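The values are calculated or read from the model by the stated rules, or taken from the named source; none is laboratory data. Just so we're clear, the structure is a prediction, and the values are computed from it rather than from any experiment. No Cβ is skipped: glycine too gets one built from the backbone with ideal geometry, and neighbour counts run over all protein chains shown. Heavy atoms of the whole protein, side chains included, go into the accessibility calculation; ligands, DNA and RNA do not. Shrake-Rupley method; radii C 1.70, N 1.55, O 1.52, S 1.80 Å.
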Amino acid sequence: MADILVYSDLLTNAKELAYAGKGFAAALGMGISAAALGPNADADAAELGAYGADRVFVGKDPALEGLQTDVVAEALAQIAKEAGAEYVIIGSTRRGKELAGRLAQKLGAAAVTDAGSVVVEGSDLVASHFSYGGATVAKEKVNTPIKVFAVMPKTFEVGDVVAGAGTVVTPSLSLTPSAVKLVETKPKEGAAVNLDAADRLVCIGRGLAKKEDLPMVESLCAALGAEMGCTKSLCDWEWLSENRLVGLSGTKAKPTLYLSCGISGQVQHTVGIGTSKIIVAINKDDKAPIFAFADYGLVGDIYAVVPALTEALKKK
Amino acid sequence: MKIIVPVKTNPDLQMIRIKNREPILEAVPYKVGDLDKNSVEAALQLQAAVGDTQVVALTIAEGNRKIKDTMKEVLAMGADEAYILSDDALTAADQAGKALALAKAIEKIGGADLIVFAEGSTDNYSGQMGPRVAELLALPEIGYAKKLTVADGKLTAERGMGDLIEVLESSLPAVVTVTSEINEPRIPTLMNIMKAGKKPTTEWTLGDVGLDAAAVAPQKAVLSNLAEEQQRKNVMIEGSAEEQCAALIDALIKDGVLEA
Ligand SMILES: Cc1cc2nc3c(=O)[nH]c(=O)nc-3n(C[C@H](O)[C@H](O)[C@H](O)COP(=O)(O)OP(=O)(O)OC[C@H]3O[C@@H](n4cnc5c(N)ncnc54)[C@H](O)[C@@H]3O)c2cc1C
């Protein structure tokens, strides 16, 4: 029986893949396996079993410490063969996306990365990803015997968990240490933020004239109970950390309320906000493309509207 | 040392219009990808830092009929030489076929000490090329570098990974992919634009790199490629800033996304 093999370097994401993978496997008449790799593999394996994997391949080879792409790709290629995988579905996290190309090349597979949806069509899984910089969504079917999909975190929701772990399998891995050495890790500047989880999100763009004006936006965030995100230039200029980037190369946010301030609405940004429940845009240019994406549009200068909104929210 | 920079030219994304959800590509000019300019710039900065280094640009024409002209921008930025793979079969190829063609071309050029890719292409952003070419050439690869140095025959790269910055090291030859944070690409001077026309540019077909159409045949089928439909209220709220804000708050409360 062919198999679906799932893997992610992030456990929460791996659980989503195991859960969704079980559904795909049932629809396609396949088995569902997961891979748990690295120092935490044993603990992860139990969770992945509970989330749907019939078999969990546990790899604890010392070469996997640090999860370097070349070693993880080799391990997954070996596991995919042992599991008889037809589909290898991995998380399109930063590591996962890098992994996808190398793994696909090892497996002689075509791959779809950054997939925002995977669905069963007939006897196949087909995946969709942004194309033309986000202007369109391309839906692709893979025709190689083994197929690799890298799926963006949070694409799949997780439902009820059935206790009862999958069978743990110890694959016979033959790995060599990575050609890349991790010299050191250092903390990023700026406090950790998790825009993924934000229920309300205020995003600021190049309409902000200077970094010193950020407190104006921070006040609005505080009054609204929102996290602050931004467009790419603000990260490139290091006004805000890259954890706050929303869009194609950053977070695909799913807030209830998204409010943009001084953002034009170029597609690389708007692909990150499309699933927001309500979208509000403030821009001084009444022709800004962001208004086409918005539920509510306010034409105005952010230096007038943002403080006014902060005050109005405080008085409410 | 020798640095090869594979670059992609793509239809100017600002000029693609959508009609009945279909992208209209007719008459849309190609340009060097924004992210590819970061990889070219990264190579040029290493060239300046290390000295005695040749920067070679490599591209696949992919339907860009004016590829030679488009690539002049890369030469004008400062690349010493350009290679262009032009073959109809490559226009239809997907990442696997293109990676194979790039790897074969890199071998034919005589290999490189460093191959610098963008983290993804500006239009499709799949991010597969760097890791695939690294695997084909059996080279180490570091993705998402936002800082690069080469010294003592070693490559050191910094990249953001979650809440951490990783500092990674690899021997050469190696493949690296860079993000847009790494630099601000230079804008070529008029003088360099004029000089670019005289720099060597070589055009190859698939046969020239030892491949045929079958070797790069597409392995994926694109079932559709359409703009997504946005269902939004598109209500414009007018008035003074205070009036706008009051009306917005009311509307958000009615929608149930703000407490009364
Ligand atoms: C491969 C690739 C990936 C990318 N990924 C991302 C990504 O993940 N996220 C992202 O955001 N971008 C991304 N970009 C960049 C993206 O293309 C745009 O450049 C960016 O989103 C534009 O940011 P902006 O709207 O802040 O700036 P601009 O486009 O410059 O817009 C500024 C807006 O502010 C308005 N404005 C100016 N002053 C005021 C004022 N005082 N009051 C009110 N309004 C004002 C202007 O009218 C204008 O509409 C990517 C680009 C590429 C090529």
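Having 2 or more residues that are β-branched (Val, Ile, Thr) is the bar; report the strands (runs of 3 or more DSSP E) wholly within the stretch B:1-96 that clear it.
Numbers: elements: B:2-7, B:9-11, B:17-19, B:22-24, B:30-32, B:54-60, B:81-85.
Of the strands (runs of 3 or more DSSP E) lying wholly inside the stretch B:1-96, those with at least 2 residues that are β-branched (Val, Ile, Thr) span B:2-7, B:54-60.
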**Asked** Does residue A:189 count as surrounded by fewer than 16 Cβ atoms within 10 Å (Cβ to Cβ), in contact (Cβ under 8 Å) with a residue 40 or more places away in the chain and either of a type in the set (Gly, Ala, Ser) or away from the ligand (no atom under 16 Å from the Cβ) (or both)?
**Response** yes
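Only one residue in A:44, A:54, A:61 is out of contact with any Pro (no Cβ under 6 Å at 6 or more places or on another chain) and open to solvent by 70 Å² or more (accessible area, probe 1.4 Å), so which one is that?
Working: A:44 fails: open to solvent by 70 Å² or more (accessible area, probe 1.4 Å); A:61 fails: open to solvent by 70 Å² or more (accessible area, probe 1.4 Å).
One residue alone meets the criteria, A:54.
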**Fill in**
Across the stretch A:70-94, the tally of residues that are over 14 Å from residue A:17 (Cβ atoms) and open to solvent by 10 Å² or more (accessible area, probe 1.4 Å) stands at 8
**Asked** Looking at this structure, is residue B:78 in contact (Cβ under 8 Å) with a residue 60 or more places away in the chain and within 19 Å of residue B:123 (Cα to Cα)?
**Response** no
**Message:** Can you find a residue that is of a type in the set (Gly, Ala, Ser) and within 16 Å of the ligand (Cβ to nearest atom) anywhere in the stretch B:147-156?
**Reply:** no
**Request:** Please work out which one of (1) over 17 Å from residue B:109 (Cα atoms); (2) in contact (Cβ under 8 Å) with a residue 12 or more places away in the chain is the condition residue B:85 fails and give its number.
**Result:** (1)
**Prompt:** Hey, does the stretch A:96-104 have a residue that's more than 22 Å from the chain's Cα centre (by Cα) and open to solvent by 10 Å² or more (accessible area, probe 1.4 Å)?
**Reply:** no
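Tell me the residue from B:164, B:190, B:172, B:136 that is touching a Gly at 6+ places or on another chain (Cβ under 6 Å) and open to solvent by 40 Å² or more (accessible area, probe 1.4 Å), please.
On the way: B:164 fails: touching a Gly at 6+ places or on another chain (Cβ under 6 Å); B:190 fails: touching a Gly at 6+ places or on another chain (Cβ under 6 Å); B:136 fails: touching a Gly at 6+ places or on another chain (Cβ under 6 Å).
Result of the check over B:164, B:190, B:172, B:136: B:172.
Matching residues to (1) under 24 Å from residue B:174 (Cα atoms); (2) within 22 Å of the chain's Cα centre (by Cα):
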position	(1), (2)
A:14	no, yes
A:24	no, yes
A:48	no, yes
A:62	yes, no
A:94	yes, yes
A:110	yes, yes
**Request:** Provide a single number: the residues in the stretch A:90-129 that are more than 7 Å from every other protein chain (Cβ to nearest Cβ) and within 16 Å of the ligand (Cβ to nearest atom).
**Result:** 4
**Request:** Hey, can you tell me all the residues within the stretch B:167-204 that are away from chain A (no Cβ under 14 Å), of a type in the set (D, E, K, R) and farther than 30 Å from residue A:233 by Cβ?
**Result:** B:195, B:198, B:199, B:203
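Within the stretch A:200-252, restricting attention to residues that are part of a strand (DSSP E or B) and within 11 Å of chain B (Cβ to nearest Cβ), which residue is farthest from residue B:146 (Cα to Cα)? Break it down into steps so the answer makes sense when it comes.
Residues of the stretch A:200-252 part of a strand (DSSP E or B): A:200-204, A:227-230, A:245-246, A:251.
After this cut, where a residue has to be within 11 Å of chain B (Cβ to nearest Cβ) as well, the list is A:200, A:245.
Numbers: A:200: 30, A:245: 15 Å.
Per the criteria, the residue is A:200.
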**Item:** Boolean, residue B:33 is without any contact (Cβ under 8 Å) to a residue 24 or more places away in the chain and in the same structural domain as residue B:181 (by TED's automatic domain parsing)
**Value:** no
**Prompt:** Which condition number in (1) at the interface with chain A (Cβ under 7 Å from one of its Cβ atoms); (2) free of Cβ contacts under 8 Å to residues at least 24 places away in the same chain is the one that residue B:157 fails?
**Reply:** (1)
**Prompt:** What is the one condition in (1) assigned by TED's automatic domain parsing to the domain that holds residue A:29; (2) open to solvent by 10 Å² or more (accessible area, probe 1.4 Å); (3) under 30 Å from residue A:65 (Cβ atoms) that residue A:149 does not satisfy?
**Reply:** (2)
**Message:** Considering only residues that are at pLDDT 95 or above and at the interface with chain A (Cβ under 7 Å from one of its Cβ atoms), which ones fall in the stretch B:205-231?
**Reply:** B:219, B:220, B:221, B:222, B:223, B:224, B:225, B:226
**Asked** Out of curiosity, is residue A:218 among the acidic types (Asp, Glu) and either more than 16 Å from the ligand (Cβ to nearest atom) or not assigned by TED's automatic domain parsing to the domain that holds residue A:292 (or both)?
**Response** yes
**Residue check for residue A:23: surrounded by fewer than 21 Cβ atoms within 10 Å (Cβ to Cβ) and closer than 14 Å to residue A:89 by Cα** = yes
